[in-house]
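Single-structure report; data block below.
The values are calculated or read from the model by the stated rules, or taken from the named source; none is laboratory data. Computed from a predicted structure; not experimentally measured. All Cβ positions, even for glycine, are placed from backbone atoms using ideal geometry, and neighbour counts span all protein chains on display. Heavy atoms of the whole protein, side chains included, go into the accessibility calculation; ligands, DNA and RNA do not. Shrake-Rupley method; radii C 1.70, N 1.55, O 1.52, S 1.80 Å.
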Amino acid sequence: MSRRIFRIVFRALGTLLTVAILNFILFRIVPGDPAQLLLAGARTSVTVQQMDAQRARWGLDRPLFPDQVVDYLSATLHGDLGYSFKFRGRPVADLILERLPATIVLVGLAQMIAILCGVLFGIYAGWRRGGAVDRIATGASMALYTMPSFWLAMVLVVIFSTGLGWLPGYGIYSPGANIGSTDRFLDYLRHLVLPVTALALGLIGQYVVVARAAMSEVVTEDYMVTARAKGLTNGQMLMRHAFRNAMLPVVTLITLNLGYVVAGAITVEAVFAWPGIGGLTVEALNARDYPVLQGIFLLLGASIVLANLIADLAYGLLDPRVRQ
Amino acid sequence: MSESTVRYSPRGRAGAIKGFLRRFLGYGGAQVGLVCLMFFLIVAAVPGILVGPLQTAINATGDFLVPPSSQHLLGTDEVGRDVLNLVVHGARISLTIALLATVISLVLGTTIGMTAGYYGGRADVWLMRLTDFFFVMPSFVLALVITPVVLEVMGRGGEILGLRPSLFVIIVVIGMTSWAFVARIVRSQTLSLKERTFIDRARIAGSSNLSIMVRHLLPNLVPQIGANGALVVAGAIYVETSLSFLGLGDPLQPSWGTLLSLAQRAGAASAGAWWCLGAPGVCVLMVSLSFVLIGNALDDTFNPRRRVIP
């Protein structure tokens, strides 16, 4: 058991290190001397001495390996992700932390709704295969998960915001809303509806497909026949035997498809000008703000590695066969 | 052992292919997917004949943001270009990117998976460690940082193999970041295949390792590679559309994702110009759905375990 955990944690740290080193390499192959980039805003012409002074100050005169790599890794570990080009030299870590809450709210709400709806529909569809619910849910979820979330977002804006005028399709607050009042909170919730729906619908599609497939396999297992032979009712069979076993692949998917969620969240945020990590990514891409882009990559990489770690550990807890 | 008596005569192979086609085409999903895909492939093959040359802001034929009419079946965009014209030309770009990226991904995945599975030992350990990294890190996230950096290094001008550099980079980056899934499946299949007698027989007959892999292992891996290849295409379309939507595509060779990105920048959604964003989105949806349907049908056909479960 402890050997397994040790191996999983070790592997996760290895992946994280690879992400950081990839980050370092990518940043260094961008053409142009970093010292020149730093002095690009200088009003007067820059002398060679000034350039050398800059190089020495930022450690650029030392060899790439091992000095600069070690510096980079140690700075990253201390939470220093460099400085943004676009946002007037603000620390990248500050920018990311500032934008993170908006994304966490969006992704968290969408995930919760998607897990609840997706698992319920998927389990039911798999339990009653070939029924009306199964046919509709399977067809709809295939369409939902192949559909790019941002396109769904645009369609929702056209229908519910521009067309019907029910919900706002842009930003996080209406302009001129009172600060600190309950109205403002309601306004915030109204702004959340469309982005969360767009993101959740795509995820629901995935969870339905996986939950249904898992359930379809479970119901053909021998222990289900045994359960029926023991005289259990349908409800007892579903809750005691089928549900728990069908949950295994779903739990793995929930933690492992963070990459899909990230792609969805970044593009959906771009549609709604949502001030989260996705919005920051688009701004950084447009301005070629590499430090910010690298910071976001590190954040995404770290969260994905963490999600995988949780999935591996959770799998051991849920499935006693893995523990041995 | 049945293998020793089976003759791979042309007739036997033709019969096997016929049997496979009968089962495969028996799935409703496969039929729908194939018909839909054929339609898009034909459109992508001859866009010039169907709608004339690609319209740009200079040779645009319509007014700005005109709703669909008899003159412009799908309306016009924010600079007066005919949306039908853009979507038809976009089919060529989107399908080219997705299919070429898939070819790269399948070649890489098969080579790495087969090498790891066949040689085993240290090669297996290191290749699988590499595979694990790409399995954990999603193609989209890697492509998001690699693409702009590589573009900066290469420059955005000129053309490579008839493609704008940004599209070429997107193809290569998607291909090189989405093979891990294929490599894992190919490896596990290779592990079981290499224990079979026909491999031993080939080795005793004096075949080299390379020849065993190419002539004996590879043909037996085709079913798995095919079924997963269809799903890789669907994934590639998803990643390409998302990247292009974020502005990494090329406006001179617009894919469906780039069209959606342009529509978004022009505020088509808040202007109520549904025709601008409807057509490219529906195309993306239909093409990826056909690949998923075909992939699932192939999987059902080849995988007897899945055939039991309706």
Protection proxy ranking, peptides B:156-164, A:192-200, average beta carbon neighbours within 10 Å, highest first:
A:192-200, B:156-164
Interface residues of the range A:147-169, defined as losing at least 30 Å² of accessible area versus the chain alone with a 1.4 Å probe, are A:PRO148, A:PHE150, A:TRP151, A:MET154, A:VAL158, A:THR162
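Ranked highest first by the average count of other Cβ atoms within 10 Å around their residues, in what order do A:261-270, B:108-117 fall? Can you show the working numbers first?
Numbers: A:261-270: 27.1, B:108-117: 23.1.
Highest-to-lowest ranking by the protection proxy: A:261-270, B:108-117.
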Report the Rg/Rh value for the protein assembly as shown, based on alpha-carbon coordinates and the Kirkwood definition of Rh.
0.98
Taking every residue of B:147-155, the Cβ atoms of other protein chains inside 10 Å of its Cβ average out to 4
Using a 1.4 Å probe, how large is the accessible area of A:PHE150, given in Å² and rounded to the nearest 10?
0
Kyte-Doolittle mean at least 1.0 and Cα axial length at least 30 Å: DSSP H helices in chain A
A:2-29, A:92-127, A:290-318
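For the protein assembly as shown, what % of the accessible area comes from carbon and sulfur atoms, probe 1.4 Å?
On the way: 20410 of 30960 Å².
Roughly 66 percent of what the probe reaches on the protein assembly as shown is carbon or sulfur.
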Pair-distance profile P(r), taking every C-alpha pair of the range B:181-243, with 5 angstrom steps and integer %
4, 16, 22, 18, 13, 10, 7, 5, 3, 2, 0
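I need the helices of chain B that pass two filters: whole DSSP H segments spanning 24 Å or more by Cα along the axis, and mean Kyte-Doolittle score no lower than 1.0.
Details: long enough: B:28-45 (26 Å, 2.18); B:83-119 (52 Å, 1.46); B:218-243 (35 Å, 1.04); B:274-302 (41 Å, 1.34).
The answer, listed by residue number, is B:28-45, B:83-119, B:218-243, B:274-302.
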Kindly report, to the nearest 10 Å², the accessible surface of B:TRP274 as traced by a 1.4 Å probe over protein heavy atoms only.
140
222 nm mean residue ellipticity, helices alone, for chain A (DSSP H n ≥ 4; -39,500 (n - 2.57); rounded to 500)
-23500 deg cm²/dmol
Whenever you get a sec, line up B:TRP275, B:TRP256 from highest to lowest accessible area (probe 1.4 Å, protein heavy atoms).
B:TRP275, B:TRP256
Can you give me the Kirkwood hydrodynamic radius for the range A:93-322, using every pair of distinct Cα atoms, in Å to one decimal?
19.5
Cα-based Rg of the range B:153-264 normalised by 2.2 N^0.38 Å, two decimals
1.50
For the A and B pair, go ahead and give the buried accessible area with a 1.4 Å probe, both sides summed, in Å² to 100.
4100
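Going by a ≥ b ≥ c, the root eigenvalues of the Cα gyration tensor, does the range B:77-302 fall in the rounded group (a/c under 1.5), the prolate group (a/b larger than b/c) or the oblate group? Don't skip to the answer; put the middle values down first.
Working: a/c = 2.82, a/b = 2.13, b/c = 1.32.
The shape class here is prolate.
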Per-residue mean of other chain beta-carbon atoms within 10 angstrom of the beta-carbon, peptide B:238-248?
5
Ranking A:HIS191, A:HIS78 from most to least accessible area with a 1.4 Å probe gives A:HIS78, A:HIS191
Expressed as a rounded percentage, what relative contact order does chain B have, with Cα pairs under 8 Å and six or more residues apart?
24
So for the range A:101-222, averaging the separation of alpha carbon pairs under 8 Å that are six or more residues apart and normalising by length, what relative contact order in percent results?
47
Given A:SER216, B:PHE39, B:ALA91, which one lies farthest toward the positive end of the charge dipole of the protein assembly as shown, if we put +1 on the Cβ of every Lys and Arg and -1 on the Cβ of every Asp and Glu?
A:SER216
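Per residue, how much accessible surface does the protein assembly as shown expose to a 1.4 Å probe? Answer in Å², no decimals.
On the way: 30960 Å² over 634 residues.
With all protein chains present, the protein assembly as shown gives 49 Å² per residue.
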Reachable lysines, given that their alpha-carbon falls under 29 Å from the alpha-carbon of B:LYS194 and they are not under 8 places away in the same chain:
B:LYS18
Over the range A:93-322, what is the mean sequence separation of C-alpha contacts under 8 Å (at least six apart), divided by residue count, expressed as relative contact order in percent?
28
When every protein chain stays in place and a 1.4 Å probe is rolled, A:TYR207, A:TYR315 sorted by accessible area with the largest first are A:TYR315, A:TYR207
Kindly give Rg over Rh for the range A:176-254, based on alpha-carbon atoms, with the Kirkwood expression for the hydrodynamic radius.
1.32
When you count, for each residue, the other Cβ atoms within 10 Å and take the mean per peptide, how do A:226-236, B:74-84 rank with the highest first?
B:74-84, A:226-236
Does the range A:61-199 come out rounded, prolate or oblate, given a ≥ b ≥ c as the square roots of the eigenvalues of its C-alpha gyration tensor, rounded meaning a/c under 1.5 and, failing that, prolate meaning a/b above b/c?
oblate
